[in-house]
Structures are given as C-alpha cells and as structure tokens.
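The values are calculated or read from the model by the stated rules, or taken from the named source; none is laboratory data. These numbers come from a predicted model, not from an experiment. Every residue, glycine as well, gets a Cβ built from its backbone with ideal geometry; the counts of neighbours run over all protein chains shown.
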Amino acid sequence: MYLYILQNNSEKLLKRLGADHLKAALPANEARKIKLAASGLAFMNLVLRGLQKLLYKKIKDPKKILVFRTGSLGDSVCATPALQLIRTHYPGAHISLLSNAGGKSLVSPENVIDPGLYNDMIDYLGLSLRHLLQLLRKQKFDMVIQLPQVEAPFLRLIRDIFFLRMVAPAGWGWKTSRILLFRKQLEKYVFYPNEAQRLLWICSDNGLEATDTAFRLNFTNEDQQIVNDYFNAQSLDGKQVIAIAVGANSVKNRWPIKYFAEVINHFRVSNPVLLVGGPEDNALVEPFVKLPGVYNCCGIFTPMQSALLIKKSSLAITNDTGPLHLSYAVGTPLIGLFAARDFYGKWFPPLQSVHRVFRTPDVACSLCFFKPCDDNICMKAILPGTVIKAAEELIESE
C-alpha cells in the first residue's frame, strides 16, 4: 500500500484539485506547478458553477427528477452511493435515469443498480439530440442532476448545462475533475478519490450530505439461488475460493495472461479458482479451463450473479474492469491490478486495509488515457510473485 502524507496547509489546494491526499510533501518548484494546475481546474469549475447558478433555480421539493449518468458496469456500481443519497434526500420524487448503455445489455444500469434507487430508465442510445430533447421535454421534469464521468471534458459539460436547461428549470452536478496541465507532477504527488467518493463530493457541494455509502446492486432471489446451487454442485462451500478476472474492455488494462497463469497454478490446489467475466473472456481463459481446481464461469453467469460468486469468495484478483468494482461493492477483499493510463486513485477501490492495489509508478508513457498501447510495460512491471504474496497475506488474515 502507498503511504499518503497530507502536507500542512494544503486543504485549499486539495479542494481545487478535487484530490483526496497528497502522496508526499511537495518541493517548492513542484508545488508551483501543481498550484497552477489547481488554479486552472478551479477556474473551469467556477465557470460551470456560475452557469449553474445563472441558468437553474433551486427547488426544495421536486416531484420529477432526471439523473444523467452514462457508462457501463463499473460506472453504474460507482454511482449507486450517490443515487442512494439522492433518493434519501428526495424521498417523494419520481426519479428517472438517463443513460446510453443500451437497455438490453446485461451491464446496463437497469440490470446493475438496485431498482429501489430509481423509478424508470430512459436509454438514449441511437437517438439524435433533437429526438432526445423531444422525449425528455414530454416528461416535464422539475430537476435534472448530472453525475458526470470522471473524464468529462469542460466544453462537453458546458454543452450539457445548456441542453439540460431545456429539460428542467432546476439542476446541479456539473463539475470537471481532470486537468492535463503538469500531469506528471499531478501523477507523482496527488492521490485522487475513487469514483464513488468523487460523485458523493459533487452531491455534498450541492447540499446533500452522505450518511449511507453502501453499494446497492440489483440482486434477485433467483440470482442468489443460482449461485448457491453452483457452489453446492461444485462442493465449494466452506472453501477459501479465489475469484479471478483476467479480462478487461481495454487491452492496456490487462495484466499479462502468463502472469495470471503463475498465480492460478500457485493457488488452484489449495484454493479453488473461479474465473469470472463475460463470454468474450473465454478465449483468454482457455489455457486454464481444464486444470484441476479451476472453474470457468465466464459467460455462464450474469454480472449480478458473478458479483454473488465473488461475494462467496475469500479473495478477488482482477484487472481494472467491472469485476473489480463488483468485488469491493459486495465486500470481498481484492487485489486490483492497474495500468498507469489514468491518475492515481481515480478507479481504485475505497482505501481500506482489506484491499491491495498495484500500479507501476514512474512510467515514461503513463497517463496515456485512451491512446493505443503496443507494449503495456506498466502492467508487465507488476510481477506475479508480488501478487501471490499479497494474496497469501489477505487469505491468511481472513
């Protein structure tokens, strides 16, 4: 785990950066650069806040609320504490979710988020802006709340502010959290909150104070029965099972498969290994599926059933992908394997002693974000022996 040292008199700087901690004390020459980056980010958010105050009025008791949150599995999981807070603060409101995930997808919000947190979902995938606006205006919303993506650009948020003003008279939530000025200094010294905490901070900025930060997912009794039956059929109950997710939507987020092979072969006799993921991961796990002590669950279970498989496991080892977020959401200790593509902390699990996070520091090509990667050196630098040692420690401490 990293040691985070909060520098004296840095509270204002941290607030401007939207940061959680400073990883180390700042040398004077680096502090100036980071302060400039913080000032740039603060200026953009000042503009967004000003537009919000200028264009939107305040409503204490809205009857119909539109919550705008895009993304896939991990994005939905991270949004559930904020959605719980919105539901608690506006208990009598009809809440609609606006998303572009595709309503029939197993990882769409309606298949991931506890239905008690909203009333209906509006999916705008494939709709033009004109048709979307027509659809939304017919609903006559009192308030719109945007829970923006962590990488949402400043100009896109300005566009959203003006577009959504045509949908509802009251609204809030527009805040940018990424600035690329002096990015290497930010990477070296700044630790950002994870995505769930960032969204809660946006809510707090608008008068909603969090009291319950639980992750509420869409589990059904049928899901629970299917998972229980599987564990019983494979005689896995009572064993220290390890759930492993080798896949990721982005190739650059994938730990080398030969490294996973070392980990799987080290544990599979003493600790049954569940391979979790979607049907697209079957090609990746093919070398392991016939090994004794290994159980391939890729594509067999829905994302929510996979979450319950992870919940019944003693440990999860996963790339930065959906199962990582499902793991901490259900309370299973995890080892997260992160590429250096994004800032420290943005997609980490909540900082708890039950989790271990690995991300290679000081990589020349770090903070590449969505650029193609030919070598994946940051993931290759996380060695199997280090992961095995951390896994043994977590299992022993259970």
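For this structure, a couple of remarks:
- Subset of segment 313-325 (residues that are more than 9 Å from the chain's Cα centre (by Cα), crowded, with 24+ Cβ neighbours inside 10 Å and under 22 Å from LEU236 (Cβ atoms)): SER313, LEU315, ALA316, ILE317, THR318, PRO323
- Selection count where residues are closer than 23 Å to LYS64 by Cα and either surrounded by fewer than 21 Cβ atoms within 10 Å (Cβ to Cβ) or of a type in the set (S, T, N, Q) (or both), scope segment 173-187: 0
- Only one of the numbered conditions (1) within 17 Å of the chain's Cα centre (by Cα); (2) closer than 24 Å to ALA170 by Cα; (3) assigned to a helix (DSSP H, G or I); (4) touching a residue at least 60 places away in the same chain (Cβ under 8 Å) is violated by THR70, and that is (3).
- LYS53 being over 20 Å from the mean Cα position of the chain (by Cα) and assigned to a helix (DSSP H, G or I): yes
- Looking across segment 275-301 at every residue that is small (Gly, Ala, Ser) and surrounded by fewer than 18 Cβ atoms within 10 Å (Cβ to Cβ), the one that is farthest from LEU315 (Cα to Cα) is identified as ALA283.
- Flag if LEU208 is assigned to a loop (DSSP other than H, G, I, E, B), surrounded by 14 or more Cβ atoms within 10 Å (Cβ to Cβ) and either among the aliphatic types (A, V, I, L, M) or more than 26 Å from the chain's Cα centre (by Cα) (or both): yes
- Residues satisfying the stated conditions in segment 237-249, i.e. surrounded by fewer than 19 Cβ atoms within 10 Å (Cβ to Cβ) and either within 20 Å of ASP281 (Cβ to Cβ) or in contact with a Cys (Cβ under 8 Å, 6 or more places away or on another chain) (or both): ASN249
- Exactly one residue out of VAL246, VAL276, VAL227 is over 26 Å from ALA381 (Cβ atoms), modelled with pLDDT of 95 or more, assigned by TED's automatic domain parsing to the domain that holds SER327 and in contact with a Leu (Cβ under 7 Å, 6 or more places away or on another chain): that is VAL227.
- Scanning segment 111-137 for residues that are touching a Lys or Arg at 6+ places or on another chain (Cβ under 8 Å) and exposed (fewer than 13 other Cβ atoms within 10 Å of the Cβ) yields a single hit, GLY116.
- Only a single criterion out of (1) of a type in the set (Ser, Thr, Tyr); (2) under 21 Å from ASN221 (Cα atoms); (3) surrounded by fewer than 17 Cβ atoms within 10 Å (Cβ to Cβ) is not satisfied by SER108, namely (3).
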